Structure formats: structure tokens, C-alpha cells
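No lab work stands behind these numbers, since they all come straight from the coordinates. In this text, all values refer to a predicted model and were calculated from it rather than measured experimentally. Reconstructed Cβ throughout: ideal geometry from the backbone, glycine too, with neighbour counts over all protein chains shown.
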Amino acid sequence: SQDVELVNGWRNDSHTTLRFRRPWDTCDQQEDYLLSSDTVRVIYAYGGAEAPDASLGRFTYHGRERGVRSVQLQEKIPINIEFGDDVRHWDILSPNVSIPEKLKTVYWCKVHKLPELEGKHHFIGYDPVITTGNEALVHHMVLYECLLPESDLHYAQWAQHGGNQCYSPTMPLSWYSCQSPIVAWAIGGKGGRLPEHVGLPLGEEHNGATYFMLEVHYDNPANLKGIVDESGIRIYFTQKTRKFDAGIIKYGIEVRPSHVIAPVTEAWTNVGHCDATCTRTAYPPEGVQLIGGFLHGHLLASQLKLQLIRDGKELEPILEDKSYDFNFQQERILKVERTLLPGDHVIFACTYNSSTLVRPTFGGLGTTDEMCLAYILYYPRSSLLSCRSYVTTEALMNSIGIQDLYPVDQNSLKLRNKLKNQVKANENAVPGENSIPLHMYAKFNAFKIKEPFALQNMTLLQLLRERSLWRNKQVVRNLRDVMDKGSYVPVCVVKNNGETQTLKLPTTPYPEFEPYRPPERQCNMKKDGGNK
């Protein structure tokens, strides 16, 4: 059926414009996609000739004038809102970081101090600031609050410092207390504005932070030379504070190599849990209101879903994208705010397509590693900063039939422990000279298999990269059960007396609940009306 209606069109010296519409649901299930809040790819093509040759009865071939753009048709991206005279901005930038040609992935961190402000101010929006020419190299940026009592004592010296490679042995210990995000941006994103009733407080005297850490992930797969970058984030703030203090919480899977994705699989799901114990501990009796968020995976991610479990029943998903695009990661504002109560359980499910790979993929920081994270904006601000989980290495071992391991080299373990204790940043830290590869799965090479005897003396990584392992259907089923429906270790990070604290919680079984059943599809066959 023809469900596309041409509305109008016009042409000037530079552009030809056509406006058309179609129903969100055409009911033509054989030919048309159901349009929703998912990311969709709009494919376009146009010919170079001014007009079609009527005598030929066809359009001229479009040649190279074609392409594809990812869009979220039902999302409004509020980046063109004009601010009043009360709004100021602060540019938080990387300090001319030289990207090493020898590493494909670099994380660079830099501590910044909030400018002097009189009275309480609210952060109300942000824009990415990308160095011209480096658009393809800046993979994502996160701006974290640094939360420690007497923050000047811990961070003042580092605000004058050029930065350090994130999560490396030379990163100062105090930087690990920069865990509460206020901005999360990734490639393809346009920036964001907070709704008019909320703002994030600035300054530790106002339940915010005075020091912030900018984390920039550089992705240089072609090993380009001579790249210098000063990208960062422009934040907007005002002294006209909003009604509610807001916060951002991080859900999903802890970034660890035990987050494993089997190869040659079209749909492989790993999940992260925000355990009911965490929400019961940190949220007020009336709960918190979820406003929107930003869903994040890497190259294999195809579907992302933030689920809410209450009283043994799964409710409608909070956020979902069944057609995720790694190169188009834009935050979304919920059309209707959702309430999260103490005792609620949140699951973030990430489905991956590894059908073109012959080796497994592991959780990690690199672009070719994987992540499963959701950054969610909410109010009123609570003590819960991060609520995630991970699968233990022991559970991974059991699923593939490993009973026992032993360290490859005791001396190498001592060296690793020594490096962990080198926590003072190098005053002359330069990417390339002091940078180290951040492939977390390398730790699986530090242990060899002791039992079973048939696999003895293989390292754990060698076994995981054996193609024969992934041809064993029982092993694949076992591992799928562990990653999707297995027990997990909750990781709850809270703000306590001005500093971050991780609650110690035991391994927890997967919760039992009644799955959510979406309403039956109601087709609207009308050619006009509000279904377009």
C-alpha cells in the first residue's frame, strides 16, 4: 500500500526540498517498519540532473549522491534553546593532548576547578567542543564530580597539572573518587539541556562539587600521527536556581573482562543489575523521578533496554533502543517521568551482534572491547551515585569447565602490585611516553589452567580464544546463562559524609519476576490525523 503522502516541495539556487509524511504504523508489516523511539537509518539518494527526462519515463541514476543518517524521529533534541542573560558558560577542555600513534585507544583525564561563584548555581546544559578535524577521534567524554572532604587538599595541585592517562598505575588515588558523572557525551551526540524544573548544584557547599575530572576517550584505529587535541565540554550554569536539585546515576555492567560476548552470534545478551538492596538503602521513601538518559555500548551493541522490576513484576521499559547505532549516541528526555521507589530492581540489558567475529569480545575501555552503561538523569538528588554489577571470574571459569588456575609468574604478580601502588601522577605525563594499552582481558594471560588435566598449562585467555571452545554448544549455553540470567555481584557507590563509598554486598541470584507484556499493536489505517 502507498502510505507516504507528499506534503509540498520547493527549489532555490542551492537546494531542492521535499516534505512528506507517513503514519508511525502503516500496518503494512511486510513492507514498512513500525516507527518508534528507536534509532532509525534514513537512506537518501538524488540525481545530479536538474529534472528527470520525461521522455525516458524515469529519474536519472543518483551516482555518488547518496548516503545514510541515523535519527531518532520521536525525540526532540533541545539544543537550540536560547538562554537568558543570567546564564554563563565554562569551557572544560583537554590541555593540548598529543595522541600517541602507537596506541589505538587512549583515555586522558584532567582535573579542573570550578570558577569562583557567589551563592548557589545550577548546571543546566552542555555542548561538546570538538577540535576541528578530530571529530572521528573523540569517541566519548564524561565529566565527573570529584568528591572528597577537604577537596582543596586533594585536588588543588592537580587542577594546575596537565593530566594523566586514566586508570593507569600513575593516576593519583584521589582521582578514583571522581565517580559521579554530570555530563556523558559520545560520538554523534549534539549536547543537552535540562528540563526547566531541575538543575545540578555546583560547589560542594551546595551538595555539588568544586573539582571535576574530564575523561576523554580517544580512538585512533588508523594510528594517525601528529594529532593534538583540546576537545572538551562547555557547561551552562545560572544563579536562578530551579525547583529541584538533580543528579545522574550510572547503571549497567562494571567494566571488567569477565563481561564476555561469544563470537559468531547474532543476539547475545549481557545484563547489569541495580540491586533492590541499593535502592532500598539510598532512595527516600517517596522515591526519585527519572527524567531521561543516555544509553552506551560499543561496536557490537545492537539493542539496549533499561528495565524496571517492582514487587515481582516487570513494568514498561524506562528507555529502550532496538536499533542502537554506535555512531549516533544522543541523550533522550522521557515524555513522561518515571518513579523509582526504594526496593525497586533495575536491569540494563545489552544485546550484541558478534556474527562476523571468530573470537570472543571482552568488557573493557577500548572501542573494540565492549561496555553496557546507562547514564540516567533524575531528581531529587540522592546519595546513590552508581548502581551496577559484574559476573565473577569464577563464574566464567565454571561455565567453560575450568576447575582451578595458578599464576603464571609470581614475580609478574609482584610487579603488577608494585605498579598499582605507584599512585602519584608523573608531573611530565605525556601520552605515548607514559601511556599503556588498556586491554583489561590481558589479565587472563596471567593465569594458567591447573584443572582439568586436558587443558593444563594453557592460559585462560588462550582457552577463551580457542575456536574449538565456541563450537561446543553446551559451553556456549552455559556461558549465555551466566551472562544473561546468572548470579551477580552488586556494586553500589554512594556519597557518604562528602566522599564516595562502595557498599560491600554478597553475590546475588538473578531475581524472579513476571515479564512485561507490551500492549497489542493497534493499527491506525487512517491517512491523516495524529499518527504521523
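How far, in nm, would the chain grow between Lys120 and Asn445 when pulled straight, counting 0.36 nm per residue and subtracting the alpha carbon separation? Working shown, then result.
Values: separation 325, 0.36 × 325 = 117.00 nm, distance 5.07 nm.
Gain in length upon complete extension: 111.9 nm.
Once phi is turned into ³J(HN,Hα) by the Karplus curve 6.51 cos²θ - 1.76 cosθ + 1.60 with θ = phi - 60°, what whole-Hz value does each residue of the stretch 252-262 show in order, with x for glycine and proline?
Per-residue couplings from phi come out as x, 9, 3, 6, 8, x, 6, 7, 10, 10, 5 Hz.
Using only C-alpha positions, report the orientation-averaged shadow area of the convex hull of the chain, nm², one decimal.
So the Cα hull casts an average projection of 29.8 nm².
Taking amide H positions as placed in the peptide plane 1.01 Å from N, state which residues far from Cys166 in sequence (5 or more) or on other chains have amide H under 5 Å from it.
Here the answer is Tyr107, Trp108, Cys109, since their amide H atoms fall under 5 Å of that of Cys166.
Give the shape of the stretch 76-245 as rounded, prolate or oblate, defined through the alpha-carbon gyration tensor: a ≥ b ≥ c are the square roots of its eigenvalues, a/c under 1.5 means rounded, and otherwise the shape is prolate if a/b is larger than b/c and oblate if not.
oblate
Can you give the extra length, in nm with one decimal, that the chain gains between Gln474 and Gln2 once fully stretched, where that is 0.36 nm per residue apart less the Cα-Cα distance?
165.1 nm
Can you give the calculated 222 nm mean residue ellipticity of the chain, where each DSSP H run of n ≥ 4 adds -39,500 (n - 2.57) and the sum is split over every residue, rounded to the nearest 500 deg cm²/dmol?
Calculated at 222 nm, the ellipticity per residue is -3000 deg cm²/dmol.
Using the Karplus curve 6.51 cos²θ - 1.76 cosθ + 1.60 with θ = phi - 60°, work out ³J(HN,Hα) for each residue of the stretch 487-497 in order, rounded to whole Hz, and write x for Gly and Pro.
5, 8, 9, x, 10, 10, 9, 10, 9, 9, 6
Taking H placed 1.01 Å from N in the peptide plane, check which residues at least 5 places from Leu34 or on another chain put their amide H under 5 Å from its amide H.
Those lying under 5 Å, H to H, from Leu34: there are none.
Antiparallel as a % of all DSSP beta bridges within the chain, to the nearest 5?
About 95 percent, rounded to the nearest 5.
Could you work out how much longer the chain between Ala267 and Asn96 gets when fully extended? Use 0.36 nm per residue separation minus the Cα distance between them, nm to one decimal.
Additional length available on full extension: 57.5 nm.
Please list, in order along the stretch 228-233, the HN-Hα scalar couplings obtained from phi with the Karplus expression 6.51 cos²θ - 1.76 cosθ + 1.60 (θ = phi - 60°), rounded to whole Hz, x for Gly and Pro.
After applying 6.51 cos²θ - 1.76 cosθ + 1.60, I find 10, 10, 9, 6, x, 10 Hz.
Given H placed 1.01 Å from N in the peptide plane, which residues other than close sequence neighbours of Glu370 have an amide H under 5 Å from its amide H?
Correct list: Phe362, Gly363, Gly364.
Please list, by residue number, everything in the stretch 311-332 whose backbone N is under 19 Å from a paramagnetic label point 7 Å out along Cα→Cβ of Lys76.
330-332
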